[in-house]
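Following: one structure in structure tokens, then a few remarks.
Just so it is clear, none of the values below were taken in a lab; they were calculated from the coordinates. Keep in mind the model is a prediction, meaning the values are calculated, not measured. Ideal geometry is used to build each Cβ from the backbone, glycine not excepted, and the neighbour counts take in all protein chains shown.
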Amino acid sequence: MAVLVLERFLADEAATARLGEDLAMSLRIGDVLALKGDLGAGKSTLARALIRALADDASLDVPSPTFTLVQSYDTRVPVHHFDLYRLGTASELDELGFDEALTQGAALVEWPERAEAYLPKTSVLVELLQQGDGRLARLSGEGAAFERAARSLAMRDFLGQAGWGEAQRRYFIGDASARSYEIVTLAGFPPRVLMNSPRLVLGPPVRDGKPYA
């Protein structure tokens, strides 16, 4: 399967936080987001925004796991925030319970290059690179996790085209269909509901020659 790449320019810290929100909307149990960048690139800012979006708590305390190596959060999708900067060897991930964490939730991994061979091939790599006065976010990966992330970024683009590019996105419980829903809020406007309705792959006919969808 080919590795796909997406890029977004982040003009400031608020744009980095919005990217964190966008990725939070796509996250599922078993997903791994590998956050790569130099010191001060914005990895912690992105991770903090993502975790707060999952918790639906903009003031949630999200300390850096630099010394603890991992911090876990009981959010909508349980998330485990790893910082591998002080990791001695990749095998130490076993001691941190990395594999077990993925059976229970998703993982955010800062400094993934210290255990690159250990991470799943389906990990979504998010590189934050200096570009002028801002940052270039380069996302790459393959499989369902990357496709969901790309879909979420496309939804942010859709909001931007509607003049809601700076809106806050939060998960909203919907129906039992393949669709998903969000509440989007923007200062000065009433909240809106955003529906994500991906194209369905129709199954075999079940009644009157028509598939169930």
Between V3 and D175, take the C-beta separation as r, use R0 = 30 Å, and let me know the FRET efficiency to the nearest 0.05. 0.30
How much length is gained on full extension from A162 to D133, taking 0.36 nm per residue of separation minus their Cα-Cα distance? 7.8 nm
Measuring from the longest principal axis of the C-alpha atoms of the chain, the long axis of helix 43-55 (C-alpha) lies at a number of degrees, nearest 10, equal to 40
Report, to the nearest 10°, how far helix 144-161 tilts away from the longest principal axis of the Cα atoms in the chain, using its own Cα long axis and a range of 0 to 90°. 70
Please report R76, R18, R86, R170 as a ranked list, fewest other C-beta atoms within 10 angstrom at the top and most at the bottom. R86, R76, R170, R18
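Assign unit charges at the C-beta atoms only (+1 for Lys and Arg, -1 for Asp and Glu), then state the dipole size of segment 67-116 relative to its Cα centre in Debye, rounded to the nearest 20.
Working: 3 positive and 10 negative charges, 38 e Å.
Here segment 67-116 has a charge dipole of around 180 debye.
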For segment 1-128, what is the convex hull (Cα atoms) projected area averaged across all directions, in square nanometres? 7.7
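Set the Förster distance to 25 Å, then compute FRET efficiency between T68 and E142 from the Cβ-Cβ distance, nearest 0.05.
Efficiency, from the Cβ-Cβ distance: 0.20.
Magnitude of the Cβ-charge dipole of the chain, K/R +1 and D/E -1, about the Cα centre, nearest 20 debye?
My answer is approximately 860 debye.
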Residues of segment 167-187 with amide nitrogen under 20 Å from the 7 Å Cα-to-Cβ point of M195? 169-185
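Calculated from DSSP H runs of 4 or more alone, at -39500 (n - 2.57) each and per residue, what is the 222 nm mean residue ellipticity of the chain, nearest 500?
Values: 5 runs with 56 residues, N = 213.
So the calculated ellipticity at 222 nm is -8000 deg cm²/dmol.
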Projected label distance in nm at S91 and D57, using a 7 Å step from Cα toward the beta-carbon: 3.8
